[in-house]
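The values are calculated or read from the model by the stated rules, or taken from the named source; none is laboratory data. Fair warning: this is a prediction, and the values are worked out from it, not measured in the lab. Using ideal geometry, Cβ is built from the backbone for each residue, glycine included, and neighbour counts are taken over all protein chains shown. Remember, those area values only see protein heavy atoms, side chains included, never the ligands or the DNA or RNA. Shrake-Rupley method; radii C 1.70, N 1.55, O 1.52, S 1.80 Å.
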Amino acid sequence: MRVYLPTAAIGSGHMLATLGGAGEIMSIFYPHIDFAQNVNEALPFIYVGEPHDGRLIWTYDHDFASTQSYLPDTNILRTELRCSEPELQVTLTDFVPAATSDGADTALVRIATIQNLAAAEFTGAFGHYFDFRLGEVIGKQAVRYERKSARFLQYFRDIAVVVGGTEPDAIRCGKAGDEDRTAKLDIADGDLNGQVEDIGAVDFAQLFRLQLAPGETRHIAVIISFGPDLYAAEAALERLQQAGPQQLQAATSDY
């Protein structure tokens with residue numbers, strides 16, 4: 001039996017998240033810090049090469065060497081992942097901004113920084129896969145992607161999650177565990193088919209295309225906002241996106 005052990009935790013009075021040593025988001029407890037555990041899998045990855053002509057590397061694969069630490073005197077976690085082939089560094093900065101007293105603006109913010117360390121141009125993508133089980137329930141859920149606002153929305157009863165931030169270049173909503181419909185298997189060729197909704201045991205994924213010159217860096221924000229309904233979760237996401245990830249990180253450092 002596989003055992004998955006988290007190596008770090010971040011949170012607030014309304015959310016607790018645990019993460020693995022390669023930046024895997026292993027759990028998000030909401031609306032309380034002991035219930036519900038809403039994550040089955042939430043995994044970052046790199047795709048190397050052009051779509052349909054490259055290879056997928058999960059950050060937990062042996063291709064990456066990782067180090068992890070909190071920024072001094074903060075609850076901000078930094079995971080540094082170094083790949084030798086291709087020569088690439090992925091830095092994941094994760095934190096939970098201070099929420100209001102009623103729990104509004106409860107979210108996990110991830111800033112992914114990808115730097116090309118090689119002497120040649122890097123072509124590929126950074127991506128994220130999500131398999132939420134809101135309320136610790138398998139199935140009975142719905143997910144959709146809104147192209148106009150560039151966000152995923154998933155909900156089950158009184159728990160809603162909205163994922164936004166940097167607009168992705170390719171997306172897929174699917175059905176977790178179904179070989180023909182899961183977004184996880186669709187990632188393998190470095191492309192996604194663009195399906196915008198699904199129901200049941202749902203999952204979804206997003207890709208951000210990378211074309212990095214030697215030494216070039218790109219920053220990508222992923223904001224995972226929770227609320228008691230989609231209206232509240234969307235409103236929180238909009239406020240957080242308006243503030244911007246760098247300002248949110250600075251405010252969290254001072255909290």
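List of remarks:
- Directionally averaged projected area (convex hull, Cα atoms, region 30-130), nm²: 8.4 nm²
- Relative contact order of region 33-98, taken over Cα pairs closer than 8 Å and 6 or more residues apart, is 20 percent.
- Two-decimal Rg to Rh for region 133-189 - Kirkwood Rh, Cα set: 0.98
- Relative contact order %, the chain, counting alpha carbon pairs below 8 Å whose residues are six or more apart: 20 percent
- For region 169-234 versus region 16-32, the spacing of their alpha-carbon centroids is 18 Å.
- Over region 33-184, accessible surface divided per residue gives 44 Å², non-protein components excluded, 1.4 Å probe.
- Packing here is the average count of other Cβ atoms within 10 Å per residue, and on that basis the peptides 27-37, 210-220, 104-114, highest first, run 104-114, 27-37, 210-220.
- Ranked from largest, the principal axis spans of the Cα set of region 89-147 equal 49, 31, 24 Å.
- Of the solvent-accessible surface of region 187-255, computed with a 1.4 Å probe and all protein chains present, 53% belongs to carbon and sulfur.
- Helical content alone sets the calculated 222 nm signal of the chain at -3000 deg cm²/dmol, taking -39,500 (n - 2.57) per DSSP H segment of four or more residues and averaging over every residue.
- Amide N proximity, region 149-164 versus Val137 label position 7 Å along Cα-to-Cβ, cut-off under 18 Å: 153-162
- Rg/Rh (Cα only; Kirkwood hydrodynamic radius) as it applies to region 1-86: 1.04
- Highest mean packing first, where packing is the average number of other Cβ atoms within 10 Å per residue, the peptides 168-175, 182-189 line up as 168-175, 182-189.
- Column: log10 I(q)/I(0), Debye, Cα scatterers of region 166-252, q = 0.18, 0.23, 0.24 Å⁻¹: -0.98, -1.13, -1.15
- Counting all C-alpha pairs of region 58-101, share separated by more than 16 Å (%): 46 percent
- Rg of the Cα atoms in the chain, relative to 2.2 N^0.38 Å, amounts to 0.95.
- Cα-derived Rg over Rh, computed across region 108-213 with Rh taken as Kirkwood radius: 1.02
- At 1.306 mPa s and 10 °C, Stokes D of region 174-225 from Kirkwood alpha-carbon radius, µm² per second: 122 µm²/s
- Relative contact order %, region 163-216, counting alpha carbon pairs below 8 Å whose residues are six or more apart: 43 percent
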